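Trainee: A single structure is presented below for examination.
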Amino acid sequence: MLFSLYQHRNFIWRNAMHDFRHRYAGSSMGALWNVLHPLAMIAIYTLVFSSIMTPQLDGRTGRFAFILYLCSGIIPWTAFADCVSRGCGSLVVNAGYLRKLPIPEPVFVAQEAVAAFVTAAISFGLLLVFGLCVGLPISWTWLLLPVPLLALLSLGFAIGMLLSTLNVFFRDIQQWVGIALQITMWTAPIVYAAKILPPAYQAVLRWHPLLPSINSVRLLMDGNLPAAWDWAMMFAWPMVFGVLALAVVRALSDEIRDVI
Amino acid sequence: MSDTLITASGLSKRFKIYEKPTGRLAEWATFGSAVRHRDFWALRDFSFDVKRGQCIGIIGANGAGKSTLLRILSGTLAATSGTFAIEGRLLSLLELGTGFNPNLSGRVNVLHTAELLGYSPAYAAEKLSIIETFADLGEFFDLPLRMYSSGMQVRLGFAMFASLDPEILVVDEALAVGDASFQRKCFRHMEKMTEDQSRAVLLVAHDMVSIQKLCSHVIWLDHGKIRLQGEPKPVVEAYMKFMFTGQGPEHEESAKAQASGLPEPDGQSLAPSRDQNATRNTIPETGLLVRSNAALLYPGESVELVAMWIEDHTGRVTASAAVDQPFSICYALRFKQPVPNAVFGVRVSTIRGELLVATNTLMMSQPVGQYEAGQTEIVRWPMKPGLSVGEYFISCGVSTVEHPYQFLTREVDAYRFAVDGVSRSGALCTLADMPQLGGAST
């Protein structure tokens with residue numbers, strides 16, 4: 001599977017870029033929407049959590065601390081959610097290609113993952129510039145930021161691969177994914193602080209598949225290194241889902257093109 | 001360099017058909033012990049070899065397994081069982097479009113698709129000018145594909161696939177969309193591909209004339225199995241006969257076998273001196289046309305059509321009319337109620353609906369007939385030679401002198417027949433004879 005992805009790397013990259021540029025084709029602001037959407041979301045969350053519900057952040061104060069906290073959670077989360085939800089539908093959407101050309105299926109899921117990763121990378125660039133402006137100290141740990149992001153996207157790719165294959169047979173899955181993503185997001189401290197949760201629940205959260213990566217992003221931004229547990233979980237989860245996806249794809253790959 | 005480009009043996013394809021999508025879930029949950037699907041075999045035990053220089057035609061009704069076979073060979077469908085090996089590269093122009101991106105220009109699409117198919121970008125770039133000339137799209141070559149007509153997409157697809165120079169080119173009915181001159185160009189290219197014995201072409205088409213013209217070998221698929229294969233002419237003829245009369249080649253074989261097993265008839269029974277009226281007033285037992293699925297039927301209570309067939313100029317029942325011989329369209333009617341003053345009508349049209357003949361016994365000044373319940377009448381409509389080679393529809397109807405357009409029974413486009421032979425015209429009819437030249441004079 002990895003080899004076929006490597007073989008089609010140009011196709012994946014080109015389609016991802018094309019998709020990125022033309023997702024909002026026809027709208028007057030075009031590709032700018034890729035950034036405007038997350039910005040609008042961040043503005044809303046900031047308003048809700050900083051003025052209506054008071055956020056409790058440990059050790060960090062200042063007007064911009066919460067915005068930085070929020071962004072460093074929402075950007076990776078959005079990338080992951082995009083990767084899963086768009087990846088899930090990608091085989092059905094690209095049925096035309098699959099019927100006519102012998103292109104391996106993972107290519108279409110990978111293309112969504114790459115597009116999501118590029119969007120996240122651009123948003124992070126903007127966020128770090130913003131951070132510098134409001135006095136976030138520059139740190140060498142920023143160089144490690146791509147690592148948790150890549151881990152998150154391999155997880156997104158593995159889940160996307162699993163769901164897109166199943167979605168070919170049961171189209172309802174695509175609808176369920178939206179709901180499942182909402183649940184996943186609100187059960188983890190992404191837009192709120194972990195501190196407001198009961199301690200017992202915080203212990204369970206150690207096993208949350210997304211949290212190690214998102215925590216690591218936040219730590220690295222503040223110039224700290226993540227703990228060993230975070231590093232381990234960050235790579236363990238993509239492995240687990242990767243093996244699962246591989247097993248399902250192997251079992252069903254012959255039938256995908258029969259029903260699509 | 002091996003002589004054989006494709007070796008396939010025992011290829012079969014089964015599709016699982018589920019009544020409900022939850023059926024699949026039930027099967028998974030029980031690890032396959034609760035069977036909720038039925039099998040549909042689109043292709044069964046298909047074996048063939050394709051050698052360099054061959055153009056193989058694949059014919060058969062819709063759903064016979066032609067596309068399934070081509071999709072297996074081009075790698076977009078996995079065979080349930082059987083194996084195949086391909087020497088060199090196989091490019092397949094399946095249906096329309098071949099997975100082009102509608103937002104990119106023709107030029108960029110060519111480069112992308114070529115890369116996707118595994119060609120190096122340099123090779124594709126090198127072929128680009130040949131493709132541009134072949135496709136002959138003018139300024140459209142640099143416009144996004146969504147602005148293309150379906151014919152233009154096919155032109156781009158064929159030009160590209162042909163120019164990339166694959167060992168095997170697969171063409172699946174796609175050419176039907178292109179205009180006549182482009183089709184001609186494609187056929188010339190396919191001829192050239194096979195001429196020098198280096199490449200092969202697999203062609204699926206419903207146009208029997210081009211199949212016969214291009215192919216060296218024809219395979220007739222029926223319900224996923226090879227029904228007949230061999231030289232183009234006999235296979236196409238057997239297929240056409242089956243399509244129009246419902247009689248398969250097996251029928252003919254067994255009839256022949258029976259005939260050869262019997263002692264020679266006394267000569268008299270086969271001679272035309274045999275009582276003409278006896279044959280002229282009975283419905284033939286074999287060779288009747290089958291009702292087409294395009295038929296529009298307006299049945300009535302007083303009379304019904306019981307049989308339709310074609311007779312050649314000697315009065316023999318035939319599956320298709322010869323292009324250079326007169327023939328007759330014949331039908332038999334049974335009256336269920338008495339009908340005084342009956343008028344019979346016939347109409348012949350092309351597949352595209354152009355009306356060639358539309359007449360009735362009243363217009364032809366024939367005496368009207370009085371019919372009692374239970375009587376049968378056979379009506380013959382003699383036709384002149386000269387219709388172009390191709391397929392035609394027959395409509396028929398019965399009315400009365402009082403109301404010639406109020407039909408007692410009517411069947412529109414109910415039967416199809418073919419005119420066979422060497423095509424000598426591109427239009428609806430041909431000349432009465434060979435053109436004559438007076439010789440050059442100064």
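Trainee: Arrange the peptides B:68-75, B:319-326 so that the one whose residues have, on average, the most other Cβ atoms within 10 Å appears first.
Mentor: Numbers: B:68-75: 22.5, B:319-326: 18.0.
So the order, starting with the most tightly packed, is B:68-75, B:319-326.
Trainee: Carbon and sulfur atoms: what percent of the 1.4 Å accessible area of segment A:134-209 do they account for?
Mentor: 74 percent
Trainee: For helix A:106-133, what angle does its Cα long axis make with the longest principal axis of chain A, in degrees from 0 to 90 and rounded to 10?
Mentor: Long axis of A:106-133 versus the principal axis of chain A: about 20 degrees.
Trainee: Could you work out the mean count of beta carbons from other protein chains within 10 Å of each residue's beta carbon in B:103-116?
Mentor: 2
Trainee: Per-residue counts of other Cβ atoms within 10 Å, averaged by peptide: what ranking do you get for A:94-105, A:225-236, highest first?
Mentor: A:94-105, A:225-236
Trainee: Kirkwood hydrodynamic radius for chain B: how many Å is it when counted over pairs of different Cα atoms?
Mentor: Result for chain B stands at 25.6 Å.
Trainee: Just how far, in whole angstrom, is segment B:135-150 from segment B:26-63 if you go by their alpha carbon centroids?
Mentor: Between the Cα centre of segment B:26-63 and that of segment B:135-150, the gap is 36 Å.
Trainee: Let me ask you something else. So for the pair B:Glu354, A:Ser253, with labels modelled 7 Å out along Cα→Cβ, what separation do we get in nm?
Mentor: 5.2 nm
Trainee: Calculate how large, on average over all directions, the projected area of the Cα convex hull of segment B:68-130 is; give the answer in nm² to one decimal. Write out the running numbers ahead of the final one.
Mentor: Values: hull surface 21.3 nm².
Answer in nm², one decimal: 5.3.
Trainee: Determine the alpha carbon to alpha carbon distance for each of B:Lys185/B:Lys241; B:Lys66/B:Lys225; B:Lys20/B:Lys225; A:Lys100/B:Lys233 and list only those over 21 Å. Intermediate values should be presented prior to the final figure.
Mentor: Details: B:Lys185/B:Lys241 30 Å; B:Lys66/B:Lys225 10 Å; B:Lys20/B:Lys225 28 Å; A:Lys100/B:Lys233 31 Å.
Over 21 Å Cα-Cα: B:Lys185/B:Lys241; B:Lys20/B:Lys225; A:Lys100/B:Lys233.
Trainee: By the scheme Lys and Arg +1, Asp and Glu -1, what is the net charge of all other residues having a beta-carbon under 13 Å from that of B:Glu191?
Mentor: +4
Trainee: Now, a different point. How big a patch of accessible area, both sides summed and in Å² to the nearest 100, lies buried between B and A at a 1.4 Å probe?
Mentor: 2100 Å²
Trainee: In whole percent, and with a 1.4 Å probe on the protein chains, what portion of the accessible area of chain B is carbon and sulfur?
Mentor: With neighbouring chains kept in place, the figure for chain B is 53 percent.
Trainee: Please work out how much accessible surface B:Met363 shows to a 1.4 Å probe, ignoring ligands, DNA and RNA, in Å² rounded to 10.
Mentor: Answer for B:Met363: close to 120 Å² accessible.
Trainee: With chain A treated as a Gaussian network of Cα nodes joined by springs under 10 Å, which of A:Thr187, A:Thr165, A:Thr78 yields the largest mean-square fluctuation?
Mentor: A:Thr187
Trainee: Name the residue, out of A:Trp142, A:Trp237, A:Trp186, whose mean-square fluctuation peaks in a Gaussian network model built on chain A with Cα pairs under 10 Å.
Mentor: A:Trp186
Trainee: May I ask you to give the average projected area over all directions of the convex hull of the Cα atoms of the protein assembly as shown, in nm² rounded to one decimal?
Mentor: On the way: hull surface 194.1 nm².
Hull-based average projected area comes out at 48.5 nm².
Trainee: Still on this structure, I have one more. Short version: ³J(HN,Hα) in whole Hz for each residue of segment B:419-429, in order, from phi by Karplus 6.51 cos²θ - 1.76 cosθ + 1.60 (θ = phi - 60°), x for Gly and Pro, what are they?
Mentor: Result, rounded to whole Hz: 9, 10, x, 7, 6, 10, 7, x, 10, 6, 9.
Trainee: Short version: ³J(HN,Hα) in whole Hz for each residue of segment B:165-171, in order, from phi by Karplus 6.51 cos²θ - 1.76 cosθ + 1.60 (θ = phi - 60°), x for Gly and Pro, what are they?
Mentor: Each residue's phi maps through the Karplus curve to give 6, x, 5, 10, 10, 10, 10 Hz.
Trainee: Same structure, new question: Under the rule of at least 5 residues apart or a separate chain, name every residue whose amide H is placed under 5 Å from the amide H of B:Leu362.
Mentor: Under 5 Å from the amide H of B:Leu362 lie the amide H atoms of B:Phe344, each far enough along the sequence or on another chain.
Trainee: Please average, across the residues of A:97-106, the number of beta carbons from any other chain that are within 10 Å of each residue's own beta carbon, and give a whole number. Write down the numbers at each step before the final one.
Mentor: Working: counts 8, 2, 8, 14, 11, 10, 5, 0, 0, 0.
Taking the mean over all residues of the peptide, I get 6.
Trainee: Whole-Hz Karplus ³J(HN,Hα) for segment B:46-54, in order, using 6.51 cos²θ - 1.76 cosθ + 1.60 and θ = phi - 60°, x for Gly and Pro?
Mentor: 9, 10, 6, 10, 10, 9, 4, x, 8
Trainee: For chain B, set up a Gaussian network in which alpha carbons nearer than 10 Å are linked by springs, and say which option among B:Asp222, B:Asp413, B:Asp39 fluctuates the most.
Mentor: With Cα springs under 10 Å in chain B, the top fluctuation among B:Asp222, B:Asp413, B:Asp39 is at B:Asp39.
Trainee: In vacuo Debye scattering of chain A, one point per C-alpha: log10 I(q)/I(0) at q = 0.09, 0.15 Å⁻¹?
Mentor: The Debye formula, applied to the Cα set alone, gives -0.42, -1.13.
Trainee: May I pose another question? Let me check I've understood the local charge: for B:Pro166, count other residues with C-beta under 12 angstrom from its C-beta, Lys and Arg +1, Asp and Glu -1. What total comes out?
Mentor: 0
The values are calculated or read from the model by the stated rules, or taken from the named source; none is laboratory data. Every value quoted in this text rests on a predicted model; they were computed, and no experiment measured them. Note: ideal-geometry Cβ built from the backbone for every residue, glycine included; neighbour counts use all protein chains shown. Calculation scope for accessible area: heavy atoms of the full protein, side chains included, ligands and nucleic acids excluded. Shrake-Rupley method; radii C 1.70, N 1.55, O 1.52, S 1.80 Å.
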